[in-house]
């Protein structure tokens, strides 16, 4: 085949690229090989299977009439932003796709206007000719749905079935309870979504380990002494990559564990699979039903030949089940470590009524938990969750944050940084005064409910946002919860015949009123940052190290040191946890001189805070009112 003669180019001028029409003419004349991998040739092959060439089949000869058809097809594809149908569900390298729109549907030869699809990158649906709004597709590169009409984050472009997004997709309608799964060694005492995701979960755990220096340092220091040898820990926490690092640290310290999730939406399925593959009894998956949730707790408590003697809880649900259903087992527990305000409140109630028969450690009110996890973690993760779920722009939006504890402080700081107009509700005059002096207007929710664009609860209380509030919200208002408990928003009041629920995407629902008004409810009122996004591993390292030290302290404490009551972590341990994380910042502490230590009345090595010291948000007297907001 003869190539077209080269055109003469005036001296000193760069040869211009041929226009689309010229390219089409060259294709029709045979100037470019029809089966080359140049994009222009590729676009013209509507009637030729890409795979036939790879199999070595000789393509049929084309007449001048067919070449004219090809030329016309090429011109059309260029003018419409390169859209076509391929008749087979082949995926093509991104460099062969059009730079503008580049959209098609497969299996059926329907052509869709490129302007209906994403404006950036390539978007399409496989197996079914469904069209998705461009705002639902990935923001970068190519995004698609496979086998079912699920959407994956754009970062997972070419990993269709091998994606960690199993933690946020409904890949299988079969309940894990109905499956029989075993790991590579034949171990089957677990219940997770899909054990085959273990490899991806292991990679996530390794990433988390890099961002959790304090907990990894504790593992290295304590694993040689095995301070938890003989400890049998029943755990109920958010089952994330960060929790996996904690679990493996406890095991390295000599403990045996059984674990479940404290939230039905926060489990990362691939992480649960990785732990099960490593031989740990894990009972958790994302999207559990309420029945599944309690079943998983029972499985983490009860096992033939295994009885827990320690509890690590987040929310108090596992403690509640053991106390109510297994009182004989509860009496043999050596200690309870509780992280959340909800669980701590339950423990104080038991203690006040003299029903608490074991010592418990209140990690939630430790200085390291309050000052770092509640503040800095929430400051970053609240924006991540809201952006992922709603794509909202916060500049100029009216936002009300219910509660100005450490969580509320973090949320308000982050939202104001993006230009939102933030107001606060509070019942505590001290927190209200703090909010006022930070420049936030303190209001009641009733005053502003008709004008706000976003409502965020961060109180840990009950019915902070009621049905009356929800009825008076304007259409499009976003409602979510950053507190631990799922009782802050009265979601049950929305499950009535006159209201319609529409699922928009994972963890995002529209609730429609008869007059057409709709609100956007995130994670069905559950913890939005762990349900819809993630939290910074470094901050979780601080809390996890505190939990591990609390377990070690309670398990090894001599008889009589801790009575049947709720205790705060000793300040010496708080300071030790902080010191484990300082090397990550190359921070160097100043050492007191002997004279300075005598002047302050403390030891040169600390503790530098008295045991009665607590952070500002924890210094209030009532464990109920201090978290409430109205």
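Counted over the stretch 199-247 with a bin width of 10 Å, the fraction of Cα pairs per bin, in whole percents, is 23, 47, 30, 0.
Test of understanding: ordering 361, 216, 322 by Cβ neighbours within 10 Å, fewest first, what list do you get?
On the way: 361 28, 216 19, 322 24.
By the 10 Å Cβ count, ascending: 216, 322, 361.
Provide 277, 426, 595 in ascending order of the number of other Cβ atoms located within 10 Å of each residue's Cβ, fewest first.
Working: 277 23, 426 26, 595 8.
Listed from fewest to most nearby Cβ atoms, that is 595, 277, 426.
Once you keep just the Cα pairs under 8 angstrom separated by 6 or more residues, what percentage relative contact order results for the stretch 304-351?
Values: 48 pairs, mean separation 23.0, N = 48.
About 48 percent, as a whole number.
Ranking 445, 592 by Cβ neighbours within 10 Å, fewest first, what do you get? Show your work: numbers first, answer last.
Details: 445 21, 592 17.
Listed from fewest to most nearby Cβ atoms, that is 592, 445.
The value of relative contact order for the stretch 467-518, using C-alpha pairs under 8 Å at least six residues apart, is 33 percent. The mean of 1/r over all pairs of different alpha-carbon atoms in the stretch 450-606, once inverted, gives a Kirkwood hydrodynamic radius of 19.9 Å.
Going by a ≥ b ≥ c, the root eigenvalues of the Cα gyration tensor, does the stretch 260-362 fall in the rounded group (a/c under 1.5), the prolate group (a/b larger than b/c) or the oblate group? Verdict is prolate for the stretch 260-362. Over the stretch 381-532, what is the percentage of antiparallel beta bridges among all DSSP beta bridges, to the nearest 5? Here the share of antiparallel DSSP bridges comes out near 35 percent. Using a/c under 1.5 as the rounded threshold, could you call the stretch 410-452 rounded, prolate or oblate? The axes a ≥ b ≥ c are square roots of the C-alpha gyration tensor eigenvalues, and prolate needs a/b larger than b/c, oblate otherwise. Oblate, because a/c is 1.5 or more while a/b does not exceed b/c.
By the equivalent-ellipsoid construction on the alpha carbon gyration tensor, the stretch 381-532 comes out with semi-axes of 23, 16, 14 Å, ordered largest to smallest.
With contacts taken as Cα pairs under 8 Å at a separation of at least 6 residues, the stretch 332-436 carries a relative contact order of 22 percent.
Every read-out reported here was derived from the displayed coordinates using simple, explicitly stated rules and does not represent laboratory data. All figures in this text were calculated on a predicted structure; none of them were measured in a lab. As a convention, Cβ positions derive from the backbone with ideal geometry for all residues, glycine included, and neighbour counts pool all protein chains shown.
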